[in-house]
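The values are calculated or read from the model by the stated rules, or taken from the named source; none is laboratory data. The model shown is predicted, which means the values in this text are computed figures rather than measured ones. Positions of Cβ are backbone-derived with ideal geometry, glycine not excepted, and every protein chain shown enters the neighbour counts.
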Amino acid sequence: MDTQTDGRRWHDMGGQDAGPISDDQHDFSLWEKRVDALMILCSGKGYFTVDGLRRVLEDMGEEAFETMSYYERWIASINQNLIESSAYTTEELATKMAEVEARGTTYGDASLGK
C-alpha cells in the first residue's frame with residue numbers, strides 16, 4: 001500500500017535520495033538479450049507501446065521491484081501486453097511453457113550465454 005501523501009506512487013523517486021548507483025558495466029546474459037530483442041520486435045509489430053509497457057511495470061507494485069530483476073519485470077510486462085493485444089492467450093502460453101519444460105535442459109543454462 002502506498003503510504004506517501006505527496007501524490008506520488010511508490011516507484012516515483014524523482015528528486016528523492018536513492019543512494020549510490022553503480023555505473024559498472026556488466027555483460028548481459030543470453031536471456032536478457034532475448035528480452036530486449038523480443039521487446040523491439042513486438043513493439044515494432046505494433047503489439048504494444050512504451051506507454052503500455054510502462055503502465056504494466058508501474059502497476060506491478062512495490063514487491064515486484066523488490067524481488068524481481070530488471071529483466072524479469074520487463075518480460076512480465078511484455079507478456080502482459082502481448083496477452084492484452086491478443087497475440088496469444090494465457091492457455092496458449094501455458095501449453096507452450098509445458099512443451100518447453102518437457103524438453104528439459106536441452107539448451108543448457110541460458111543465463112550463462114553472452
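Please go through region 34-44 and give me each residue that is within 14 Å of TYR70 (Cβ to Cβ) and surrounded by fewer than 15 Cβ atoms within 10 Å (Cβ to Cβ), ordered by number.
Matches in region 34-44: ASP36 only.
Checking ASP6 against (1) of a type in the set (D, E, K, R); (2) surrounded by 11 or more Cβ atoms within 10 Å (Cβ to Cβ); (3) at pLDDT below 75, which single condition isn't satisfied?
(2) is the only condition that ASP6 fails.
So which pairs qualify, if the first residue must be in region 84-97 and under 19 Å from GLY46 (Cβ atoms), the second must be of a type in the set (Phe, Trp, Tyr) and outside any helix (DSSP H, G or I), the Cβ gap must be under 8 Å, and the two must be at least 6 apart or on different chains?
Final answer for the pair search is GLU84/PHE48; SER85/TYR47; SER85/PHE48; ALA87/TYR47.
Which condition from (1) in contact (Cβ under 8 Å) with a residue 24 or more places away in the chain; (2) assigned to a helix (DSSP H, G or I) is the one that TYR47 breaks?
With respect to (1) in contact (Cβ under 8 Å) with a residue 24 or more places away in the chain; (2) assigned to a helix (DSSP H, G or I), TYR47 is out only on (2).
Within region 52-71, how many residues are part of a helix (DSSP H, G or I) and either surrounded by 14 or more Cβ atoms within 10 Å (Cβ to Cβ) or of a type in the set (S, T, N, Q) (or both)?
Pass one, region 52-71, residues part of a helix (DSSP H, G or I): 52-59, 62-67, 70-71.
In the following step, the residues that additionally are either surrounded by 14 or more Cβ atoms within 10 Å (Cβ to Cβ) or of a type in the set (S, T, N, Q) (or both) were identified as 52-53, 55-58, 64-65, 67, 71.
Residues in region 52-71 being part of a helix (DSSP H, G or I) and either surrounded by 14 or more Cβ atoms within 10 Å (Cβ to Cβ) or of a type in the set (S, T, N, Q) (or both): 10 in total.
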